[in-house]
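Please read the structure below before turning to the comments.
Bear in mind these aren't lab numbers, they're just calculated from the coordinates by the rules spelled out. Everything quoted here is computed from the prediction, not taken from an experiment. All Cβ positions, glycine included, derive from the backbone under ideal geometry; neighbour counts span all protein chains shown.
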Amino acid sequence: MEGCTRLRRTIILIACVFGLGNFIFSHPALAHRPLTTQSAYPLEIHKIKLESGIKYTNFPKADEAYSLDIELNYGIINNLDVGIEVPYVFWQPQNGESFQTVGDMILKSRLLFLKGREGNPISLTIQPFFKVPTPENDRGKLQSEPGFSTGETDFGFVFIATREISPVVAHMNLGYTFINKPSFGRDYENVFSFKLALEYEGAKKGLELVGELSGETNKDPSKADLLSVLLGARFVLKEGVSADVGYGIGVSDASPDSTATMGLTMDF
């Protein structure tokens, strides 16, 4: 019964995301912080995007985490780029030992296989990725709520769609992660995820407002799925440099109660 319920939720989420993603294109748009949603447009050849940020997360049961997040992307050839995400996490549980360590590192690549045109204004991209596990190998820490890491190399893919009608840009991500069984024996399941983001270029020059709805099935089948909302703003400081702030809240019981982030993005 639980498996059927989770499947129905997944189907409903897919239908809602595709329905919402089909309402909003004119030129390439790149999603930056504070969004975690990916854009369908890879970086141009030999271009580099560097994102850095600080994030605070408040989990249920009063557990807290701080992280320093670094993401680097590079355009290899036309319509193909590669990227890497590296977080450094400070975990502070309400009951238990605090620790700090490099988190799971993600290696990824975007391939644009359908570029939007006037007759078909949606651009589509596939992004395979590998998650290299944290060097932390203490079983108790790996299992820290809500599950710090599987301690194993996981992999998956994200299907990305972008559509734009100025001044609004919409991005949709649908992903699937194959979870390797961790060494500590937890019976985790594969994860389906979705993200839907909107970007709005306000009347004030250099100010962009963003919003994001994201969710995923919980890899622990005994717990509720994750669903959260984020609102934020991006400030263009100068060409190729922007600062951002964002605040998010959890909608489901298993999601973080709240998140707050601020960061800097540079394109060169």
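Quick notes
- Full-stretch length increase - residue 220, residue 138 - with 0.36 nm per residue and alpha-carbon distance subtracted: 27.6 nm
- For the pair residue 114 and residue 233, the difference between a 0.36 nm per residue extended length and the Cα-Cα distance amounts to 39.9 nm.
- For segment 2-267, a simple Cβ point-charge model (Lys and Arg +1, Asp and Glu -1, everything else neutral) yields a dipole of about 560 debye relative to the Cα centre.
- Our summary gives segment 150-268 a relative contact order of 16 percent, counting only alpha carbon pairs under 8 angstrom and 6 or more residues apart.
- From least to most packed, judged by other beta carbons within 10 angstrom and beginning with the fewest, 193, 39, 98 follow the order 98, 193, 39.
- For 169, 245, 89, order by how many other beta-carbon atoms lie within 10 Å, fewest first: 245, 89, 169
- All-pairs Cα distance distribution in segment 2-267, expressed in whole percent, bin size 10 Å: 7, 28, 39, 21, 5, 0
- In plain terms, the chain from residue 130 to residue 166 could stretch by 9.6 nm, reckoned as 0.36 nm per residue minus the Cα-Cα distance.
- Estimated from helices alone, the mean residue ellipticity of the chain at 222 nm is -3000 deg cm²/dmol (sum of -39500 (n - 2.57) over DSSP H runs with n ≥ 4, per residue).
- Within segment 39-73, backbone nitrogen closer than 12 Å to the virtual label 7 Å beyond the Cα of residue 100 toward Cβ: 66-68
- Highest to lowest packing among 175-188, 122-135, scored as the average C-beta count within 10 Å: 122-135, 175-188
- Exposure proxy ranking, count of Cβ atoms within 10 Å, fewest first, for 32, 46, 171: 46, 32, 171
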